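Worksheet: the structure to be examined is printed underneath.
The values are calculated or read from the model by the stated rules, or taken from the named source; none is laboratory data. All values reported here derive from a predicted model rather than from experimental measurement. Backbone-built Cβ (ideal geometry, glycine too); neighbour counts: all protein chains shown. We work out accessible area using only protein heavy atoms, side chains counted, and drop any ligands, DNA or RNA first. Shrake-Rupley method; radii C 1.70, N 1.55, O 1.52, S 1.80 Å.
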Amino acid sequence: MGRIDSTNKTYSVGELAAVTGVTVRTLQHYDNIGLLPTPGRTDGGRRYYTEEDMLCLEQIIFYKSLGLSLKEIRDKVVKRPTLSQIKQILNEHEVVLYKKIEDAHASIAAIEACRTAIAAGNYPSWQLLTGFIRSLQNSSLIDWGQYTFNDDQKEVLGKRFTKEQDAFDLYHTWRVLALKAATLAKSGASPDDPAAQDLAADCWKMVLEVTGGDADQIDTFAQVQGDRAAWPEGDRDLMDASQAFIDLAVKHYLASRPSDIDENRGGSKINE
């Protein structure tokens, strides 16, 4: 059994609890499950913790605040982690958190799609939306890491998406619009209905914001769209279910606003 090293600071159970803000009962629980075993006792039989134990507890508290379970944390906490070990743990959990965000966005998109169908005076297609929620929750922007972009596409998209958040914002915007379109199409709405035209306006706005009317960017996005057989399955299915309706709605929208085409000539290529 260990003994206090007089050259290192030690903490009693109560002292460690006070310093870190956890309860004594929590420390006892961590000890019982082997997450943070009490390393030794004083000559008087009192349990004590070392500075290394303090570091381990700080890791436990941090990882717990990120949403990891105690079971997951047990395999990640080490007494003297290297920077590379910490980086790997953070990267792994970041992927998990992004997946949760994607799942939430898929559910929000379904809610907005329901509202769009209601605005058009139609009942939402529960079966369609349920299917897409399940499909989209199994497909995320992370899956696009498996898609092979050619050098020209990488160059153009690299200029457009200088920040990861830009890509996520576009991805989520597209998903919401596509799910709305699929819902309207399934409910029998006409592309020239007011709800469909509101959707078309949002789609056109997205195109202009993404491309700025730049021909190279428009061609690049059109190429990726044309290669959707290689897309992640959930996104490919959503594109197949929504694109025809979006094209018709946007075509009608632009026909009623010729000035928009004149000001952004070439932008309609995105729908070809």
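Conditions (1) touching a residue at least 40 places away in the same chain (Cβ under 8 Å); (2) in a helix (DSSP H, G or I); (3) open to solvent by 60 Å² or more (accessible area, probe 1.4 Å), marked per residue:
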residue	(1), (2), (3)
53	yes, yes, no
58	no, yes, yes
64	no, yes, yes
85	no, yes, yes
88	no, yes, yes
91	no, yes, yes
95	yes, yes, yes
110	yes, yes, no
Hey, residue 9 under 30 Å from residue 164 (Cα atoms), at pLDDT below 85 and of a type outside the set (A, V, I, L, M) or not: no
Could you list all residues from the stretch 220-239 that are over 15 Å from residue 140 (Cβ atoms) and exposed (fewer than 15 other Cβ atoms within 10 Å of the Cβ)? 223, 225, 226, 227, 229, 230
Select from the stretch 235-272 the residues that are in a helix (DSSP H, G or I) and modelled with pLDDT under 85 and list them in ascending order. 258, 259, 260, 261, 262, 263, 267, 268, 269, 270, 271
Per the list (1) farther than 24 Å from residue 117 by Cα; (2) without any contact (Cβ under 8 Å) to a residue 12 or more places away in the chain; (3) open to solvent by less than 60 Å² (accessible area, probe 1.4 Å), residue check on residue 214 breaks on (3)
Filtering the stretch 146-162 for residues that are surrounded by 12 or more Cβ atoms within 10 Å (Cβ to Cβ), under 20 Å from the mean Cα position of the chain (by Cα) and without any contact (Cβ under 8 Å) to a residue 40 or more places away in the chain leaves a count of 1
Considering every residue within the stretch 119-135, establish whether at least one is within 14 Å of the chain's Cα centre (by Cα) and charged (D, E, K, R). no
Just the residues that are over 29 Å from the mean Cα position of the chain (by Cα) and either open to solvent by 40 Å² or more (accessible area, probe 1.4 Å) or modelled with pLDDT under 90 (or both), please, taken from the stretch 191-210. 192, 193, 194
For residue 165, only one of the following conditions fails: (1) open to solvent by less than 20 Å² (accessible area, probe 1.4 Å); (2) under 21 Å from the mean Cα position of the chain (by Cα); (3) more than 16 Å from residue 234 (Cα to Cα). What is its number? (1)
